[in-house]
1. Residue check: is Arg101 at pLDDT 95 or above and under 21 Å from Met48 (Cα atoms)?
2. Would you check if there is a residue in the stretch 128-143 being more than 14 Å from the chain's Cα centre (by Cα), surrounded by 12 or more Cβ atoms within 10 Å (Cβ to Cβ) and closer than 26 Å to Asn62 by Cα?
3. Taking the stretch 27-65 as the search range and keeping residues that are outside any loop (DSSP other than H, G, I, E, B) and touching an Asp or Glu at 6+ places or on another chain (Cβ under 6 Å), which one is modelled with the highest pLDDT?
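The values are calculated or read from the model by the stated rules, or taken from the named source; none is laboratory data. On a predicted model such as this, the values are computed, not experimentally measured, just so you know. Positions of Cβ are generated from backbone atoms using ideal geometry, with glycine treated the same way; all protein chains shown enter the neighbour counts.
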Amino acid sequence: MDRVYLVFGIFLLICLPLSGQNSENGQDVEEARVEPLPGGFNRIMLGMDLQQVRSELDDDGNFLYRGEPDVSFLPSSRDALIECEGLHYINRASFQFFEDRLFTITLIFDHTAMGYYSMYSTLQEKYGEPVDLSPDRAIWENEEVRLSLERPVRLKYMDVKVLEKLLIESERTKSLERVDRERFLEQF
């Protein structure tokens, strides 16, 4: 009888660690369903130029794009910004460019028609657990795209490489301002 328990125990030790894994590649079954982050919304992709985005907005039924009145240039640079109204679940959308390429898409949803939890659940199911989670936002990120869901219901697609470049430039500017301030204070 002891021998039967011993054989059964060894059988359990061998089989239990494998029960939560996919036998093909050793990944958890849960992980196998996770999709890669999208490079944009619908057919509007990060990295597109202004003309491509305008063309896609003309054809996209989620937006009320009016053409030239929705396009402006940021005062501090020649970078463009497209802001337009949305349809159905989207109230407003903005498409920001840096060095003539789309680097941020912001979708502001109608919170009476689309709740934060519904969006969060959909994104979590599709892309897995966020890399950063707080009461105000959830962030999914890979080497190319940051997807940020913010309260009340706002979704941002950001080009990670451009974002890193802008952060470095911002830090450089702050450092120069700090040095300039210290030089000024040395005069006293």
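1. Numbers: at pLDDT 95 or above: yes; under 21 Å from Met48 (Cα atoms): yes.
Taking the combined requirement at face value, the residue satisfies it.
2. No, every residue in the stretch 128-143 fails to be more than 14 Å from the chain's Cα centre (by Cα), surrounded by 12 or more Cβ atoms within 10 Å (Cβ to Cβ) and closer than 26 Å to Asn62 by Cα.
3. Start the filter on the stretch 27-65 by keeping residues that are outside any loop (DSSP other than H, G, I, E, B), which leaves 28-32, 40-41, 44-45, 50-59, 63-64.
Adding the requirement that they be touching an Asp or Glu at 6+ places or on another chain (Cβ under 6 Å) leaves 44, 64.
Working: Ile44: 98, Leu64: 94.
Among them, the one singled out is Ile44.
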